[in-house]
Amino acid sequence: MDVHESGNPRGAGRGSLRAICLVGLLVLAGCRTYADRLHEVRGLFYAGQLDAASAALDRHLQKGGPRADVLKLDRAVVELCAGRPRQAERMLREVRDSLDYLEQASLAETALAAMTDDTNAAYAGEDYEKILLRVFLALANLMGDGGDATAYALQVGDVQQRIIQAGADQTGENPKLAYQRVALGAYLYGALCEETHANYDDVLRSAATVLEWEPSFAFGPGDLQRAQSGRHSAAGHGVLYVLALAGRGPRKEEAEEMPSTAALLIADRILSATGKHTLPPTIAPLKVPKLVISPWVFRGVEVSVGGRPAGTTATITDVGRLAAGQYEAIYPRVLARAVVRRALKKGVLYAGKEALGVVNDSLGNAAMDLSGIVWEATESADTRCWGLLPDRIQVLRLELPAGEHEIGLCPVGGRYGGGLRHAAKVAIADGRNTYLVANVPDDHVVGTILTSRP
């Protein structure tokens, strides 16, 4: 006679023991979200404590695991702002190559993420991060020898085209067709071509692309007109490009998706009432990452030359808008993964009850339901992101006489009116470009103002 049908307490005990063992196999320990760790790093970075921010990132990097690449992105920003562009470029290249490799799907990681959550898979990067990675490679290289800056600038356009083309799903729908294009790659490529005093067809195409992709860019029409004239600078003059990494960039935080949670609760109650086995109630809400955009607190960075105002930077890439638009386009897929994961876990519990035969084993049923509740409760939203990006990248092009100049930077407009003034010496060469990069998150510059050699 079947021991479960007979109600034999010894058989029930064996079923309960098996169920309790299953609890031990399924329950995973919870942990702090990545957003908690990022909060510490962002606080140190924006306070100008670059050594402390580096140390905090290094502590997390020593642990390795699926967070390593995204930690290196932030570490590279710290290196750049600390005046070490070559180290920053090396780290960015490592992450670029790693993310390119991770575009190949891993069945093992996909399965692990489905049984736990997305934090257990290697971080493949958001689309806007993959594009901006090439932008930062170009900036870091310009602050070094500049030998690869042209290639990096071209990669900005190439990678966003590749991402969009690969965005179609099984139904043929492609939400990535709505992505905002990043014009900064074309802008830098045009600047580098213009310095040759020869490739003005490329300069003209680049200026037209910038206007097409970023029509609100204040200096776009003037750049296009200059490209049409085929003129880099007057005799005895060179050009200074001021690039401001302005504001505090987007980040992710954990949020609860309540409508989908309620739908799952209703579904599992219906299945429990009509099915052979009960399902654990949906107590833990679905956790999803939500993008948080920091408020924009000033208009731009006023640039002075020798103490006299020379102009104010204008936005060429709105990182917050770019990230928000892209994330909104793919959010239905993010939510769908969370729903499928929760349904899969309930299916595993149901199959486990069927395999262990705990229909008449109240203790075994309770143990497995408890394991299911805990299993679902240990899910964490994947809040990994490149947390030290600026909110906007702004530029100002100045034509200056050859020689050394003192350049002043001061955030203006918005909350601050006039921020702290910072200064740096730059050398301008006849007919050449010089580049200046500064990270200005609010009323002050973080770290070093970097300048290239003309």
Can residue 294 be described as of a type in the set (Ser, Thr, Tyr) and not in a loop (DSSP other than H, G, I, E, B)? no
Residue 311 versus (1) within 26 Å of residue 442 (Cβ to Cβ); (2) modelled with pLDDT of 65 or more; (3) within 30 Å of the chain's Cα centre (by Cα): which is the lone unmet condition? (3)
Identity of the residue in segment 59-91, in contact with a Phe, Trp or Tyr (Cβ under 6 Å, 6 or more places away or on another chain) and among the hydrophobic types (A, V, I, L, M, F, W, C), that ends up farthest from residue 437 (Cα to Cα): 70
For residue 442, all conditions in the list (1) out of contact with any Gly (no Cβ under 9 Å at 6 or more places or on another chain); (2) of a type outside the set (Phe, Trp, Tyr); (3) at pLDDT below 90 hold save one; what is the number of the exception? (1)
Residue 169 passes all but one of (1) closer than 17 Å to residue 327 by Cα; (2) more than 21 Å from the chain's Cα centre (by Cα); (3) crowded, with 17+ Cβ neighbours inside 10 Å; (4) among the charged types (D, E, K, R); which number fails? (3)
Just to be sure I understand, how many residues within segment 133-170 are small (Gly, Ala, Ser), touching a residue at least 24 places away in the same chain (Cβ under 8 Å) and outside any loop (DSSP other than H, G, I, E, B)? 5
So which residues in segment 171-214 are assigned to a loop (DSSP other than H, G, I, E, B) and closer than 26 Å to residue 143 by Cα, if there are any at all? 181, 182, 183, 195, 196, 197, 198, 199, 214
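The values are calculated or read from the model by the stated rules, or taken from the named source; none is laboratory data. Values in this document were obtained by computation on a predicted structure and should not be read as measured data. Cβ sites come from the backbone with ideal geometry, for glycine too, and all protein chains shown count toward neighbours.
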